[in-house]
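Here the structure is laid out as structure tokens; the discussion comes afterwards.
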Amino acid sequence: MTPTKRIAIILTVVFLIPALFFSVYEISGLSKDEELIEEIYQKQLEAILFSANQYSDDILNSWISKTEVALGTESADDLPPSLETMLTLNSSIKLVFISKDTIIHHASLKSYSLDTLVANSIRESVARGLGENGLLIQQLIKYKKSGFQKIVMLPTSNESLAHLQVLIFIVGSSPSSFKVAGFVVDPDAFVNQLVGPRLQVISKDQFILSVYDKTTKANVYSTLTLDTASLNSAKLVSDFWIFPNYALGIRTQGSSIQQLVQERTNTNLVLLIGLDVILIVALFLVFRNVKKEVQLAQNKSDFVSNVSHEIRTPLALISMFAETLEMDRVPSEQKKKEYYTIISKETQRLTGIVNKILNFSQTEAGRKKLNIERVELAKEIRSMLATYDFHLRNKGFEYTFESTTEVCVNADRETLVEMIINLVDNAIKYSADNKRLSISIGTKDGMGWVAVKDNGAGISRHDQKHIFDKFYRVSTGDLAKSPGTGLGLSFVKQLIEQQNGKIAVDSEPGKGSTFYLYFPLAQ
Ligand code: ADP
């Protein structure tokens with residue numbers, strides 16, 4: 001396994017997987033929290049509606065006790081004063097009635113009201129209703145016998161009652177004295193005058209509590225003034241116990257708890273995902289840096305072996321020929337001369353390598369002094385080619401130099417030539433068969449350029465990204481074995497960047513490469 005792969009695996013296992021696991025766990029936990037809060041909230045709303053219903057029941061129970069006390073077992077003929085007070089205080093009660101015994105018929109019903117006109121018009125309907133609901137009365141008696149006082153709505157279909165509701169219950173202390181009693185109530189008035197104020201207290205400006213008519217779905221009362229919302233907009237609905245055709249509904253004012261929880265969940269979600277993205281980007285950057293360092297270390301070790309190899313060959317030749325000369329084993333003067341030439345050439349080669357390394361380390365440390373001046377590209381290239389002509393032809397190269405106009409740039413004259421020679425040397429080194437070279441110059445986007453084009457081995461897209469790295473050498477292909485240090489292009493890149501220029505390459509494997517050097521144009 002390569003070191004980079006190992007680092008990638010370590011980073012993934014140690015950081016990425018735990019972080020992603022944690023995120024997934026947290027995200028699933030978020031929706032669970034939301035459900036829990038929702039459930040608690042729902043229960044709270046239910047409790048509020050329950051207490052509103054309970055309150056209505058309490059009112060009725062207090063009415064029942066007052067009625068029982070006022071009427072006793074014997075029904076009085078006149079309106080007893082305590083009952084009168086109750087009717088005066090509670091205008092929603094239109095009529096209080098009591099039967100003379102448990103067998104109901106019209107004549108046996110005694111009624112009390114503040115408004116005799118209303119009383120007369122509805123008493124008969126009540127009596128008829130009672131007569132039609134014998135079963136219900138029997139049931140109430142059964143409850144009463146087991147000590148349970150219940151008040152229920154009497155189902156009536158009589159038009160004279162209009163929207164009034166009849167509520168009945170049993171009074172009396174023993175089965176023999178049981179009588180049916182009841183109230184005729186205006187439910188709207190009951191809700192508005194008695195339940196409403198209580199709902200206001202419960203709502204505490206946090207909720208909107210309303211009483212709806214189930215058939216029309218419109219609200220009969222709402223804690224919010226001028227509320228026109230219908231039954232459907234309530235968050236939770238419960239039956240109104242005493243008036244089954246009414247319903248109690250509740251909804252929240254402003255942003256609801258669900259919205260708040262949802263908002264919080266969304267914020268947490270965004271934060272978690274954001275953190276994960278940052279982590280992934282950070283890991284990617286760390287990985288890229290580490291990969292670069294590993295690559296550099298690898299290139300360095302290759303460099304050492306490349307340089308040793310390059311130095312060993314000339315050293316071996318020099319030592320062999322020097323020894324031969326020393327021992328006077330050379331047959332002729334001509335051979336001697338040949339050997340001296342070889343020794344001198346190999347020494348030059350060694351010097352070349354050493355100079356290259358020294359130059360590189362000097363440039364890298366920024367110690368190389370540059371003298372930026374106006375340089376005429378065509379003139380410098382022509383003079384360089386004149387010196388290099390023999391070398392190129394000797395290597396079997398044909399070359400052309402095209403320049404229609406002179407291009408003047410700001411550059412360090414000496415290093416400019418050095419850089420072009422570097423590119424030409426590479427072109428020679430990496431062109432095995434097609435030995436043609438062309439140099440051209442021009443201007444583009446305010447820069448002057450020199451292009452060195454060969455028709456040699458070319459460079460793959462992957463290698464093009466790395467050839468300007470320190471010590472990097474292409475390790476595959478026919479020419480991979482050719483001697484080199486991997487410093488040349490990196491050296492050129494450093495030099496040109498110090499002169500505010502840049503280097504670029506355009507290459508296709510098997511077809512050749514073109515290297516471009518860009519310099520700032522001189523005024
Ligand atoms: P060196 O030539 O000493 O290996 P360089 O930095 O000059 O180092 O080049 C880096 C690599 O780029 C070389 O190993 C070679 O594979 C590739 N390269 C450079 N110039 C050319 C070229 N003209 N044609 C093909 N490959 C090239």
_Looking at segment 409-466 only, could you name the residues that are assigned to a helix (DSSP H, G or I) and over 15 Å from LEU489 (Cβ atoms)?_
ARG413, GLU414, LEU416, VAL417, ARG461, HIS462
*Within segment 295-312, is even one residue under 30 Å from LYS337 (Cβ atoms), in contact (Cβ under 8 Å) with a residue 60 or more places away in the chain and outside any strand (DSSP E or B)?*
yes
_Evaluation of LYS100 against (1) in contact with a Lys or Arg (Cβ under 9 Å, 6 or more places away or on another chain); (2) at pLDDT 90 or above; (3) open to solvent by 10 Å² or more (accessible area, probe 1.4 Å) (one fails), failing number_ = (2)
*asked:* Looking at segment 420-434, can you tell me whether even one residue there is away from the ligand (no atom under 11 Å from the Cβ) and closer than 19 Å to GLU376 by Cα?
replied: yes
*Please determine, by comparing only the residues of segment 450-475 that are of a type in the set (D, E, K, R) and either within 30 Å of GLU406 (Cβ to Cβ) or within 8 Å of the ligand (Cβ to nearest atom) (or both), which one is most open to solvent (accessible area, probe 1.4 Å).*
LYS453
*asked:* Restricting to segment 288-307, and then to whatever is open to solvent by less than 50 Å² (accessible area, probe 1.4 Å) and out of contact with any helix residue (DSSP H, G or I) (no Cβ under 6 Å at 6 or more places or on another chain), can you tell me which residue is modelled with the highest pLDDT?
replied: LEU296
*Out of the residues in segment 387-408 that are touching a helix residue (DSSP H, G or I) at 6+ places or on another chain (Cβ under 6 Å) and not aromatic (Phe, Trp, Tyr), state the one that is most open to solvent (accessible area, probe 1.4 Å).*
LYS395
*asked:* Going through LEU285, LEU358 one at a time, which residue ends up being surrounded by fewer than 14 Cβ atoms within 10 Å (Cβ to Cβ) and more than 23 Å from GLY488 (Cα to Cα)?
replied: LEU285
*asked:* Suppose we filter segment 478-505 for residues that are open to solvent by 60 Å² or more (accessible area, probe 1.4 Å) and either within 11 Å of the ligand (Cβ to nearest atom) or touching an Asp or Glu at 6+ places or on another chain (Cβ under 7 Å) (or both); how many remain?
replied: 4
*Can you tell me which residue in segment 147-169 is most open to solvent (accessible area, probe 1.4 Å), limited to those that are without any contact (Cβ under 8 Å) to a residue 40 or more places away in the chain and touching a helix residue (DSSP H, G or I) at 6+ places or on another chain (Cβ under 6 Å)?*
LYS150
*Which residues, counting only those in segment 494-522, are out of contact with any Phe, Trp or Tyr (no Cβ under 8 Å at 6 or more places or on another chain), assigned to a strand (DSSP E or B) and either under 20 Å from GLU406 (Cα atoms) or of a type in the set (Val, Ile, Thr) (or both)?*
THR514, PHE515, PRO520, LEU521
*Are any of the residues in segment 134-141 in a strand (DSSP E or B) and in contact (Cβ under 8 Å) with a residue 24 or more places away in the chain?*
no
*Looking at GLY510, is it closer than 19 Å to ALA457 by Cβ and either more than 9 Å from the ligand (Cβ to nearest atom) or of a type in the set (Phe, Trp, Tyr) (or both)?*
yes
*Can you work out which of the residues in segment 435-449 that are open to solvent by less than 40 Å² (accessible area, probe 1.4 Å) and within 14 Å of the ligand (Cβ to nearest atom) is nearest to GLY501 (Cα to Cα)?*
ILE439
_Give all pairs with beta carbons closer than 7 Å in which a residue from segment 266-292 that is within 16 Å of THR4 (Cα to Cα) meets a residue that is open to solvent by less than 90 Å² (accessible area, probe 1.4 Å) and small (Gly, Ala, Ser); count only pairs at least 6 apart in sequence or on separate chains._
PHE287/ALA8
*Does GLU406 satisfy being away from the ligand (no atom under 13 Å from the Cβ) and outside any loop (DSSP other than H, G, I, E, B)?*
no
*What number of residues within segment 361-386 satisfy the criterion of being modelled with pLDDT of 90 or more and open to solvent by 80 Å² or more (accessible area, probe 1.4 Å)?*
5
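The values are calculated or read from the model by the stated rules, or taken from the named source; none is laboratory data. Here the structure is a predicted model, which is why all the values come from computation and not from measurement. When we count neighbours, we look across all protein chains shown, and the Cβ atoms used for this are built from the backbone with ideal geometry, even at glycine. Just the protein is used for accessible areas: all its heavy atoms, side chains included, with ligands, DNA and RNA removed. Shrake-Rupley method; radii C 1.70, N 1.55, O 1.52, S 1.80 Å.
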